[in-house]
Amino acid sequence: MALRINLNADIAEGYGAYDIGNDPELMKIVGSASVACGFHAGDPNTMYRLCLLARDNGVSIGVHPGFNDLWGFGRRPITMNAQDLEYMVAYQIGALQAMARYAGLPVTHLKAHGALNNMAAVREDYAMAIARAIKTVDRNLIYVAIYGSEMEKAARKLDLPLAREGFADRAYEDDGSLASRGIKGTVYSDPKKALAQALRMIEDKEIVTRHGTRIKCDVETICLHGDEPTAVKVAGAVKTGLEKAGVELVTIPDMLKS
């Protein structure tokens, strides 16, 4: 059976007149994109513009909800009531669904951003809050969850569509969590290193952590971050390298089709 994978990126992470990353170039590389919905970044005009870009490039789009933290770009941990978190995520799902309608695109997945993603990976209450928001607003949304996380468990518990995620351009700790960006060298700017990690995930279903430990990683989608100066160079090299290795690149919905 031929190997296949989805490449995803987080987009629309600007605000007003400000853009972060090179979304037009990334959209030529990835098969799926997660759109910031106004809390950690993004606004209606940015969301709409990126939905049009996705439509023109044949890219599937998803909700990228984050904490209400524009100043911290959603990367600061916030402790909050799980029900409040559920409503916050539901609100952001609705925001993207509205703007996607103007572009004539369906919203097909949800992937939490930054600190919310990291916290929901280890906190059952946060993971379940996101899952309940999906189930209530649109139970057909694919829950994109870090492999082996509480989010994966929550998706299975509520019988939601699930896509397990790995990261080509980030270092891992031995427990399967992402190493802190504050540690030097944990965000890969070397295209060869990112490609090697992606291929290992797809072919060997494992990751080598920053300490040299081999851990299992069976994923349907691989993230390429778009907010680093080398993002397009790294993402392009990963795509080209995977294609040369005979890996078929598809959207997240297509990855879940039998």
Looking at segment 216-232, which of its residues are more than 16 Å from the chain's Cα centre (by Cα) and either surrounded by fewer than 16 Cβ atoms within 10 Å (Cβ to Cβ) or among the small types (G, A, S) (or both)? K216, P229
Please state which of the following conditions A245 fails to meet, knowing it meets all the rest: (1) touching a helix residue (DSSP H, G or I) at 6+ places or on another chain (Cβ under 7 Å); (2) surrounded by 15 or more Cβ atoms within 10 Å (Cβ to Cβ); (3) aliphatic (A, V, I, L, M). (2)
Please identify the pairs in which a residue from segment 231-255 that is farther than 24 Å from V187 by Cβ has its Cβ atom under 6 Å from the Cβ atom of a residue that is surrounded by fewer than 19 Cβ atoms within 10 Å (Cβ to Cβ), counting only partners at least 6 apart or on another chain. E248/A2; E248/R4; V250/R4
Tally up the residues in segment 196-230 that are in contact with a Leu (Cβ under 9 Å, 6 or more places away or on another chain), among the hydroxyl-bearing types (S, T, Y) and in a loop (DSSP other than H, G, I, E, B), please. 0
Could you count how many residues in segment 111-160 are of a type in the set (V, I, T) and in a helix (DSSP H, G or I)? 5
Residues of segment 163-195 that turn out to be aliphatic (A, V, I, L, M) and either part of a loop (DSSP other than H, G, I, E, B) or surrounded by fewer than 16 Cβ atoms within 10 Å (Cβ to Cβ) (or both), as a count: 4
From the list I93, I130, I146, which one is more than 25 Å from M27 (Cα to Cα), in contact with a helix residue (DSSP H, G or I) (Cβ under 8 Å, 6 or more places away or on another chain) and among the β-branched types (V, I, T)? I130
Over segment 70-100, the set of residues modelled with pLDDT under 95 and over 18 Å from the mean Cα position of the chain (by Cα) is L70, W71, G72
Exclusive hit being more than 12 Å from H109 (Cβ to Cβ), β-branched (V, I, T) and under 14 Å from the mean Cα position of the chain (by Cα), set V59, V35, V30, V63: V30
Within the set of pairs 6+ apart or on separate chains, which have a first residue in segment 7-20 that is farther than 11 Å from V35 by Cβ, a second that is of a type in the set (D, E, K, R), and C-beta atoms under 6 Å apart? Y15/D43; I20/E13; I20/D227
For residues in segment 13-64 being in contact with an Asp or Glu (Cβ under 7 Å, 6 or more places away or on another chain) and among the small types (G, A, S), which is nearest to E228 (Cα to Cα)? G21
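The values are calculated or read from the model by the stated rules, or taken from the named source; none is laboratory data. Nothing here was measured: the structure is a model prediction, and the numbers come from that model. Every residue, glycine among them, receives a Cβ derived from its backbone with ideal geometry; neighbour counts consider all protein chains shown.
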